[in-house]
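Data first, discussion second: the structure below is written as structure tokens.
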Amino acid sequence: MFDNLTGKLGGIFDSLKKRGALSVADVDAALREVRLALLEADVALPVVKDFIASVRERAVGEEVIRSVTPGQMMIKVVHDHLVEVLGGDDDADASGALPFAQGSGLNLAGTPPVAVLMVGLQGSGKTTTSAKIALRVKNREKKKVLMASLDIYRPAAQQQLAVLGEQTEVPTLPVIMGEQPLAIAKRAMDTGKREGYDVVILDTAGRLHLDDVLMDEVVKVSAATKPIETLLVADAMTGQDAVTIAREFNEKVGITGIVLTRVDGDARGGAALSMRAVTGVPIKLMGVGEKTDALEAFQADRIAGAILGQGDVVGLVERAAEVIDKEDAEKLAKKMMKGDFTLEDMASQIGQIRKMGSVSGLLGMLPGAAKIKKQMAGSDMDDKMLVRQQAIISSMTKTERQKPKLLNGSRRRRIAAGSGTSVQDVNRLIKQHKQMGQMMKKMGKMGKKGLMGMGGMAGGLPPGMMPPQR
């Protein structure tokens with residue numbers, strides 16, 4: 001989401017780190033560049049002004065100017081202030097919610113059933129996000145969840161939630177034709193109380209733009225259900241309009257949190273910085289993909305690190321832990337350390353990487369992500385490449401997967417035809433497999449020291465994502 005901003009800030013701070021000392025003029029010049037970078041990222045002007053003023057106040061003091069490493073201290077000052085602007089550590093504490101690592105990231109403390117009201121404009125992703133949150137609450141907090149669609153205006157909106165309910169195995173309120181939103185909300189809460197539900201998620205209707213009818217409806221539903229959480233669902237690609245939307249909903253309905261959607265898309269990221277600063281309401285969750293489990297906690301320190309090119313290694317490890325079986329990983333590691341790394345093992349690794357998310361998303365979580373992406377701009381490192389690799393390995397016989405040395409020219413032509421790829425693609429995969437095997441063998445000889453150095457290989461890329469050496 002913050003690729004452009006990360007690239008620009010990275011260039012600014014790289015030039016500062018090369019200098020032995022910084023003057024006030026140097027700091028001011030750097031902050032002018034930071035200001036432009038923030039404005040180009042669609043951060044609201046008042047937010048930019050406050051941000052630059054606060055950073056300058058701290059940067060021109062002894063903290064930076066008289067520091068032994070002024071360039072690094074400047075980055076720290078900007079990082080710390082980014083954390084403050086994005087929400088700091090108060091996201092969970094202010095509302096009494098569980099820490100993100102333990103729970104759903106939402107405040108669900110109250111007499112069951114508690115209502116979670118989903119609001120936002122049409123097309124922001126409310127319905128899909130409702131299902132994602134329901135699944136997250138069900139899995140992480142082991143609560144019984146009911147979903148109800150209050151959208152009687154958008155064609156098939158109620159059916160869409162019902163389908164998502166089936167996919168996530170979360171019950172949805174049966175639809176009664178002609179029933180109005182307020183009546184649906186009251187019936188949902190009554191059903192929740194009668195049937196022992198812990199949480200009722202109310203998916204309200206959106207409009208293409210803010211209007212009084214939309215607000216009046218949401219205000220009435222809120223008054224009737226007294227939601228413990230009122231979440232504004234906003235598209236990260238909205239840009240400057242996001243500030244107006246957030247302010248209007250907060251003033252008229254009173255939101256308790258923001259959920260950003262399409263964070264994995266090509267957004268400039270200004271909405272995240274602006275909405276939190278303008279409303280004073282925390283960004284609690286963010287959608288990072290289309291799948292129903294593609295929802296993550298929004299943690300200010302990690303996001304700030306990602307913006308400044310420091311990556312989110314903790315997030316990467318957590319995501320890996322969720323999708324990779326520990327026992328299988330340990331068995332594979334032992335085999336690899338012995339140099340016993342087959343094409344079947346490589347296919348297994350590729351499958352695990354695909355479960356973790358998109359290639360661009362994973363690259364974005366690595367330190368120096370902007371530089372890695374720039375270096376790989378001319379390569380074919382993307383999700384399609386992983387699909388091609390899986391298809392190539394699937395087109396091999398079991399014996400070929402276990403003994404790559406058997407893959408002569410005629411076999412490679414057959415595999416290419418069977419996988420819909422070229423012989424060059426097959427050759428590239430086999431070369432990459434060989435390089436990975438050699439790397440693992442070397443690491444096996446080095447023992448624990450080799451394992452520790454694994455993160456430095458190929459710029460920190462997971463083994464299955466390393467491009468072949470030319």
Here the range 96-310 gives, from Cα atoms, an Rg and Dmax in Å of 16.1, 53
Under 5 Å from the placed amide H of ASP235, counting only residues 5+ away or on other chains, we find THR261
Rounded to the nearest 5, the percent of DSSP beta bridges in the range 96-310 running antiparallel is 10
Between GLU40 and ARG413, the two model label points (7 Å from Cα along the beta-carbon direction) sit apart by a distance in nm of 5.1
The extension gain from GLU57 to ILE152, computed as 0.36 nm times the residue separation minus the Cα-Cα distance, is 29.0 nm
Subtracting the Cα-Cα distance of LYS403 and VAL387 from 0.36 nm times their residue separation yields 3.6 nm
Within the range 106-136, the residues whose backbone N lies under 15 Å from a label point placed 7 Å from the Cα of LEU208 along the Cα-to-Cβ direction are 121-124
With x for Gly and Pro, the residue-by-residue ³J(HN,Hα) of the range 29-37, computed from phi through the Karplus equation 6.51 cos²θ - 1.76 cosθ + 1.60 at θ = phi - 60° and given in whole Hz, is 5, 5, 5, 5, 5, 4, 4, 5, 4
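Just so you know, all these numbers are worked out from the coordinates, no wet-lab data involved. All values reported here derive from a predicted model rather than from experimental measurement. All Cβ positions, glycine included, derive from the backbone under ideal geometry; neighbour counts span all protein chains shown.
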